[in-house]
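The values are calculated or read from the model by the stated rules, or taken from the named source; none is laboratory data. Small disclaimer: the values here were computed from a predicted structure and weren't measured. Every residue, glycine as well, gets a Cβ built from its backbone with ideal geometry; the counts of neighbours run over all protein chains shown. In case anyone asks, the SASA skips ligands and DNA or RNA and just uses the protein heavy atoms, side chains included. Shrake-Rupley method; radii C 1.70, N 1.55, O 1.52, S 1.80 Å.
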Amino acid sequence: PVQVTKETAGREEVARHSGKRAHFLHGPYPATHFGPKACILPNPTSVMHIQDPASQRLTWNKPPVNVLVIRKIRDESLVEPFKELCRFLVEEKQMMVYVERRVADDATLSKDEAFGSIRNQLCTFREGYDDISDCIDLIICLGGDGTLLYASSLFQGSVPPVMAFHLGSLGFLTPFKFESYKTEVAKVFEGNAAITLRSRLKVKVVKDMLQRTGQQLYESPQQQPEHNGLLPHGHTNSEAGKVTLQLQVLNEVVVDRGPSSYLSNVDLYLDGRLITSVQGDGVIVSTPTGSTAYAAAAGASMIHPNVPAIMVTPICPHSLSFRPIVVPAGVELMITLSPDARNTAWVSFDGRRRQEIQHGDCIKITTSCYPVPSICCHDLVYDWFESLAQCLHWNVRKRQARLADISDSSDTEN
């Protein structure tokens with residue numbers, strides 16, 4: 001991190017005297033004196049650190065050994081690229097390759113005798129059964145944006161660097177082309193690659209089980225039902241009668257009216273204060289990365305992933321003045337069902353784990369300290385605008401024709 005009170009301020013001072021703009025992307029450290037007598041009250045217990053996005057480069061403390069390869073399933077066109085990549089990693093780079101068991105058990109791979117020796121060397125895991133969070137050095141995704149979202153969901157704490165190849169339908173988050181995969185992967189292994197730190201949301205769903213059943217759901221954590229062979233990830237019984245689910249979300253948290261024909265009616269709190277009630281089809285709370293997903297379709301602004309912020313976007317609000325807003329990344333948002341709501345609400349996290357929210361439940365959302373380090377193909381600015389242009393056709397229109405003769409203009413004075 002850059003300590004803004006010394007290093008950053010010094011760089012800005014040099015830039016001012018030289019007449020050149022310093023090459024970094026965070027905003028300048030603000031002046032703390034206003035006029036001859038006013039200033040901000042000094043706080044010696046807090047030191048502000050700002051990560052300069054332009055200095056975000058990947059480096060390895062030790063050479064990477066274990067690589068997780070995530071492949072988009074139910075897509076036969078990815079079988080050959082998957083085999084090529086695994087063969088390259090195992091035979092040429094001597095890497096330990098981890099894949100999901102259902103990917104390794106694919107019938108097409110099982111029938112390929114030439115790939116059999118590589119397949120036998122793959123390490124497999126099952127989501128919900130095996131914890132691989134402490135043994136993966138690098139993640140390589142083959143597919144679309146969904147593969148990167150899935151990779152994020154596997155790591156509820158620190159996330160290894162992610163390299164995503166565009167082999168899906170949209171590919172906003174997948175900047176690499178597979179045709180040059182050997183060169184690109186080799187560069188990443190060498191280090192010094194540009195990375196974008198994609199912030200995630202730390203989400204805590206607290207459900208009041210006493211409100212539901214009139215009695216405590218579980219007398220002890222040991223009585224909780226198992227899910228996929230393990231206790232449900234992130235569930236705790238921190239208080240009697242309450243069950244908590246904690247998740248890390250890369251794109252967005254969506255609260256909507258579900259199957260009900262009534263308006264969704266939920267209250268939105270910011271740092272404990274009620275700021276508004278959302279009446280409409282629902283509300284989207286998204287990261288800057290998620291601002292180009294569902295939130296963009298609902299009318300939100302598209303925000304670069306290095307901007308520290310949380311977006312709040314209503315879905316078809318029953319008010320013409322309810323516009324999307326952007327709040328600081330450090331606040332805590334809380335969503336509850338309004339006391340006079342006619343129906344329950346439903347919540348989903350990056351399109352998964354959809355569940356019902358009832359009276360007495362609450363959803364707490366803030367920025368996580370565990371971002372997703374996404375490796376850039378070029379740099380974090382060029383990649384983002386390239387995705388806007390290529391995937392979303394941002395500001396694409398037919399060019400206005402040039403006037404043949406300036407005298408033809410109706411604005412020209414005679």
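Pairs exceeding 32 Å between alpha-carbon atoms, taken from K177/K204; K111/K177; K187/K398; K83/K202; K62/K242: K177/K204; K187/K398; K83/K202; K62/K242. Solvent-accessible surface (1.4 Å probe) assigned to W384 amounts to roughly 30 Å².
Of R71, R126, R397, the order by accessible heavy-atom surface (1.4 Å probe, DNA, RNA and ligands excluded), from most exposed downward, is R397, R126, R71. Label zone of L197 (point 7 Å out along Cα→Cβ, amide N under 15 Å): in region 150-184 this covers 158-162. Note on F178 and S158: their simple-model spin labels are 3.1 nm apart, each label 7 Å out from Cα toward Cβ. Other residues with beta-carbon under 10 Å from the beta-carbon of L167 carry, at +1 per Lys or Arg and -1 per Asp or Glu, a net charge of +2.
Computed over protein heavy atoms with a 1.4 Å probe, the carbon and sulfur contribution to the accessible area of region 320-411 reaches 52%.
Using a Förster distance of 45 Å, how high is the FRET efficiency between F189 and V327, based on the Cβ-Cβ distance and rounded to 0.05? Once rounded, the FRET efficiency stands at 0.70. The listed residues E179, E76 rank as E179, E76 when sorted by accessible area, largest first, using a 1.4 Å probe.
Counting only protein chain heavy atoms and rolling a 1.4 Å probe, the accessible areas of K177, K93, K62 rank, largest first, as K62, K177, K93. The overall shape of region 148-194 is oblate: from the C-alpha gyration tensor, with semi-axes ordered a ≥ b ≥ c, the ratio a/c is 1.5 or greater and a/b is no larger than b/c. For region 97-214, what does the alpha-carbon gyration tensor say about shape, rounded, prolate or oblate, given a ≥ b ≥ c as the root eigenvalues, a/c under 1.5 as rounded, and a/b over b/c as prolate? Oblate.
Annotation: per residue accessible area for region 313-379 equals 50 Å², rounded to a whole number [probe 1.4 Å, protein chains only].
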